[in-house]
1. For Arg288, indicate whether it is modelled with pLDDT under 95 and either touching a strand residue (DSSP E or B) at 6+ places or on another chain (Cβ under 6 Å) or crowded, with 19+ Cβ neighbours inside 10 Å (or both).
2. Please find, within the range 148-180, the residue that is nearest to the chain's Cα centre (by Cα) out of those that are in a loop (DSSP other than H, G, I, E, B) and closer than 15 Å to Leu220 by Cβ.
3. Looking at Gly349, Gly283, which is the one that is at positive phi, surrounded by 14 or more Cβ atoms within 10 Å (Cβ to Cβ) and out of contact with any Cys (no Cβ under 6 Å at 6 or more places or on another chain)?
4. Among (1) surrounded by fewer than 16 Cβ atoms within 10 Å (Cβ to Cβ); (2) within 25 Å of Leu189 (Cα to Cα); (3) of a type in the set (Lys, Arg), which single condition is Arg253 missing?
5. Would you check which residues across the range 225-236 are part of a helix (DSSP H, G or I), closer than 26 Å to Leu311 by Cβ and in contact with a Leu (Cβ under 8 Å, 6 or more places away or on another chain) and list them?
6. State all residues of the range 148-179 that are acidic (Asp, Glu) and either surrounded by fewer than 17 Cβ atoms within 10 Å (Cβ to Cβ) or farther than 19 Å from Leu195 by Cα (or both); if no residue qualifies, say none.
Amino acid sequence: MLIMGLVFVVLAMLVVALNCDGRRRGESRSVAAGRVLVGVLGDSDSACYQDTVSYPEASSRPGGEYHQITLQWPEVLARIRGREVDLGEWAIWGVPRWMSMARVRDGFGLPWRAPRRETYQHNLAWASGCAALTSGALRQAHRLVDVMDEQPLAWRRGVVIIRSGVNDFGKKQALDALASCSDDAEVLLRIEACLVHVRTAVRLIHHRHPETSVVLVGILNNSDWPPYFDLWQSPEEQRNLNRGLDHFDDALRSMADVDSRLAFFDDRAWFARHWGQRSLETGLPDYRAVKVGETLSVSLSAGDSPNHAVLASGHAGLVWNTLWSQSLVDLVRTQFDLPIGSISDLEVGHFVDAQIAALSLPSRPSGN
């Protein structure tokens, strides 16, 4: 009898756990008619900063004392074009990892979501590598397709942003190897492995939602990241780095060239247009500041106030993400003819100025 009782308790707990799928909280999840649905797959470069699950109040939060106006690009896009795009409801989604029981859920064919995050319904990005797009327990692309299946007609004019790779081949070890040899065999294997996951994610999306558009985001040259400024300071190393990273970007570009449902976002070209690049003659940092609004000058430096392009944590800051959203909107408008209004430079300035004005701090940054 004791054994039977224990079995019953275990089964009851299993049923309760499986009913907690991390997908519904009781609120309406309808899609507003006419808005363009936006889905997000990738790593922490797309994971929301205002996530109170990942960043509880007592923790070190993105932006530090500027946290309340420190926005990741999906958060910017939802605020600046919320009437035209739909990233889904902002809520706590997903089950904790210990409750995922991925094989059991998948064995029963249950739609579910993990890890637990406070984010937009269509944003599946979290700190991860390319493999998390399609493999392992949580598999972002599978979870996003589950969400998309709830509104298949609306996703016919939706767009999914896939942005990953920096954690696989964008850190110091891989860049050291590429700086010495642009065809380093080990790094090229990492790049190809990442591309396999990107291609698989695209196939998964288009198998169920063939008309959905997909943006493939290229890789940044992380020698332009403030912590790496003293590294790879020669023209030859910079040429090697960019040639090595071209293996990834060229593959994404080729995918987009043969499929009108795909578009390539050249992240290195985007960065160069705004902050410049390493000197072609010396390989040394040679960047410029970006002026936003009437008074804010944003340098390529690390710090939590909005006059820094990069947060102290190393992730993109408010201005970087606002400018990135501006270019993303331009791309999806032109490549996919989606009805989203372009974001002007004036609107960028007004948006950033409004965030700073709302900040409850005794002093506010106005320059370098």
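1. On the way: modelled with pLDDT under 95: no; either touching a strand residue (DSSP E or B) at 6+ places or on another chain (Cβ under 6 Å) or crowded, with 19+ Cβ neighbours inside 10 Å (or both): yes.
For Arg288, the condition - modelled with pLDDT under 95 and either touching a strand residue (DSSP E or B) at 6+ places or on another chain (Cβ under 6 Å) or crowded, with 19+ Cβ neighbours inside 10 Å (or both) - is not met.
2. Only one residue fits best here, namely Ser164.
3. Gly283
4. It is condition (1) that Arg253 fails.
5. Pro226, Tyr228
6. Within the range 148-179, Asp149, Glu150, Asp176 qualify.
For (1) in contact (Cβ under 8 Å) with a residue 12 or more places away in the chain; (2) of a type outside the set (S, T, N, Q); (3) in contact with an Asp or Glu (Cβ under 6 Å, 6 or more places away or on another chain); (4) farther than 30 Å from Glu237 by Cβ, each residue gets a yes or a no:
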{"position": "Arg97", "(1), (2), (3), (4)": "yes, yes, no, yes"}
{"position": "Arg113", "(1), (2), (3), (4)": "yes, yes, no, yes"}
{"position": "Ser128", "(1), (2), (3), (4)": "yes, no, yes, no"}
{"position": "Gly165", "(1), (2), (3), (4)": "yes, yes, no, no"}
{"position": "Leu189", "(1), (2), (3), (4)": "no, yes, no, no"}
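Condition check ((1) assigned to a loop (DSSP other than H, G, I, E, B); (2) surrounded by 19 or more Cβ atoms within 10 Å (Cβ to Cβ); (3) basic (Lys, Arg)) across all residues:
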position: Val215; (1), (2), (3): no, yes, no
position: Ser223; (1), (2), (3): no, yes, no
position: Gln238; (1), (2), (3): no, yes, no
position: Gly244; (1), (2), (3): no, yes, no
position: Ser260; (1), (2), (3): yes, no, no
position: Ala269; (1), (2), (3): no, no, no
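The values are calculated or read from the model by the stated rules, or taken from the named source; none is laboratory data. What you see is a predicted model, and the numbers here were worked out from it, not measured in a lab. Cβ sites come from the backbone with ideal geometry, for glycine too, and all protein chains shown count toward neighbours.
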